[in-house]
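Inspection log for the structure reproduced underneath, given as structure tokens.
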Amino acid sequence: MRRSIFAIPMVLSVTLFAGLAGLSGPAIAGGKQVRYVGIHPIPKSEGGGICYIEGPHVHIFEADKIQYRDHHGDNYFVGDPVAYGYDGKRYAYKGHHPIHVNVVVGDDDPDDEYCYINGPHYHYFAPPEGPEFKVVGDAYFYVGEPPRVYVDARPAMMKINAVYQPMVYERPVVTVDAPVGWIGARAEFVVPTAGVVVDGPRAGAVVVPPSAGVSVEAHIPAPSIHVDVGIGLPGVVVHERAPAVIVRERPVIIEERVKVKHDNGRHRGHR
Amino acid sequence: MLLVAACGKGGDKAAGSAGARDAVLDAWKAEKLAPSALTPATVTFGKDCQSGTIEGIDVLLCNFASPAEAKAAADQGLAWVGAATGVSQAHGAALVVLADRRKTDPSGRTINRLMKLAPK
């Protein structure tokens with residue numbers, strides 16, 4: 001391509017504009033911009049609370065790797081915003097589920113991420129209508145077929161529960177039976193040894209890997225020990241160093257708590 | 001003759017693109033959000049830009065010949081935001097850039113409202 005001599009002043013003027021631009025607005029100094037999309041918490045060090053900007057935006061603070069996923073270069077929050085003081089419209093979920101990020105943020109870049117929060121929690125969006133979710137008791141239950149990517153990332157991403165378990169906030173109360181096919185009751189998606197969370201002051205606690213198909217959550221606040229066993233075979237052993245606390249050979253049951261309101265004998269079963 | 005033609009073309013462009021910025025400003029004003037008087041701003045990514053403040057937030061509005069050009073400049077608009085919370089998005093042929101340099105909008109609610117009001 002042949003360049004016309006008339007193009008030279010154009011190049012110079014563009015260069016000049018570029019030079020002037022540095023004077024017209026503040027340069028990025030000190031704080032590096034970090035890209036976000038969607039509502040998310042603000043770190044306490046930055047004032048705390050919630051950022052309500054729904055579209056793409058920037059801050060000068062970092063996003064953590066547990067509560068955020070990459071959405072085409074933007075950090076997208078997959079946690080529960082209510083835990084951080086979110087006061088907008090909210091939707092209750094129970095257990096793990098996909099998040100169709102492109103639907104939530106309203107762009108054309110398909111992106112399915114997964115929420116690994118155990119038990120009842122909130123998001124600021126409802127899932128799109130379709131067969132992969134069932135609504136029971138005003139809560140969304142994921143009953144779809146999780147893909148391999150969900151299973152593979154699960155050991156690492158389950159760490160998000162260590163963030164939320166100690167947080168005191170108004171969680172949704174879900175007291176209904178989970179629908180058939182709910183992911184939380186499917187043994188094949190329970191990770192054998194990973195997903196073990198040991199909280200509490202006794203950092204020396206050791207969790208012995210249980211048999212296949214067993215998920216263990218051990219919370220060891222002194223002086224007592226509480227062990228939640230998800231599902232699997234006998235042989236779950238939790239050893240804790242001095243003083244030794246051993247929980248062993250307990251039958252494991254999938255427990256879905258159901259609140260039963262007594263009707264004082266008015267139903268047929270008592271006649 | 002060439003000069004006249006060039007001027008005429010430029011004038012048409014200015015008239016057409018001014019509408020994009022005006023549409024954004026009108027949408028804000030319709031919701032009782034009062035921007036300060038905007039003054040010409042010199043930036044590398046747009047030739048017809050004006051800056052000012054609205055609700056304590058710095059604003060830069062640039063006109064482009066087409067929505068595609070405005071969209072292409074969105075990333076560069078973040079340079080104008082600098083070390084602050086901010087946004088840079090195309091709305092039609094206008095590029096809307098907001099920067100909360102004085103931290104008057106810590107929750108981002110005002111920025112979110114401004115961006116939602118700006119016509120697509």
Discussion item. Being without any contact (Cβ under 8 Å) to a residue 60 or more places away in the chain, out of contact with any Cys (no Cβ under 8 Å at 6 or more places or on another chain) and not charged (D, E, K, R) is the filter here; which residues of the stretch A:59-83 pass it?
Written reply: A:Ile60, A:Phe61, A:Ala63, A:Tyr68, A:His71, A:His72, A:Gly73, A:Asn75, A:Tyr76, A:Phe77, A:Pro81
Worksheet item: What tally of residues in the stretch B:98-120 results from selecting those that are under 17 Å from A:Arg35 (Cα atoms) and more than 9 Å from chain A (Cβ to nearest Cβ)?
Response: 1
Practice prompt. With respect to A:Tyr86, determine if the residue is surrounded by 16 or more Cβ atoms within 10 Å (Cβ to Cβ), over 23 Å from A:Ile42 (Cβ atoms), modelled with pLDDT of 95 or more and within 17 Å of the chain's Cα centre (by Cα).
Written response: no
Item to complete: Report the residue count in the stretch A:62-93 for those that are acidic (Asp, Glu) and under 14 Å from A:Cys51 (Cα atoms).
Response: 3
Item to complete: Output the number of residues of the stretch A:58-84 satisfying the condition of being under 20 Å from A:Gly31 (Cα atoms) and in a loop (DSSP other than H, G, I, E, B).
Response: 7
Worksheet entry | Unique match (being within 30 Å of A:Tyr86 (Cα to Cα) and at pLDDT 95 or above) among B:Leu61, B:Leu38, B:Leu98 | B:Leu98
Worksheet, complete the sentence: Among the residues of the stretch B:52-85, the number that are under 23 Å from A:Lys32 (Cα atoms) and of a type in the set (Gly, Ala, Ser) is 9
Worksheet entry | Residue under evaluation B:Ala41, criteria (1) closer than 18 Å to B:Lys116 by Cα; (2) at the interface with chain A (Cβ under 10 Å from one of its Cβ atoms); (3) among the aliphatic types (A, V, I, L, M), criterion not met | (1)
Fill in: Evaluation of A:Asn118 against (1) surrounded by 13 or more Cβ atoms within 10 Å (Cβ to Cβ); (2) out of contact with any helix residue (DSSP H, G or I) (no Cβ under 6 Å at 6 or more places or on another chain) (one fails), failing number
(2)
Discussion item. Give me the strands (runs of 3 or more DSSP E) completely within the stretch B:56-120, filtered to those with at least 3 residues that are closer than 14 Å to A:Pro56 by Cα, ordered by residue number.
Written reply: B:85-91, B:94-100
Worksheet item: Which members of the stretch B:51-72 meet the condition of being surrounded by 19 or more Cβ atoms within 10 Å (Cβ to Cβ) and within 11 Å of the chain's Cα centre (by Cα)?
Response: B:Ser51, B:Asp58, B:Val59, B:Leu60, B:Leu61, B:Cys62, B:Asn63, B:Phe64, B:Ala70
Fill in: Filter result (at the interface with chain B (Cβ under 7 Å from one of its Cβ atoms), in a loop (DSSP other than H, G, I, E, B) and either of a type outside the set (Ser, Thr, Tyr) or within 20 Å of A:Met157 (Cβ to Cβ) (or both)) within the stretch A:28-57
A:Ile28, A:Ala29, A:Gly30, A:Gly31, A:Gln33, A:Gly47, A:Gly49, A:Ile53, A:Glu54, A:Gly55
Worksheet item: Condition test on A:Asp108, is it closer than 30 Å to B:Ala90 by Cβ and either in contact (Cβ under 8 Å) with a residue 24 or more places away in the chain or not aliphatic (A, V, I, L, M) (or both)?
Response: yes
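The values are calculated or read from the model by the stated rules, or taken from the named source; none is laboratory data. Model, not experiment: these values are computed from the prediction. Note that each Cβ is placed from the backbone with ideal geometry, even for glycine, and that neighbours are counted across all protein chains shown.
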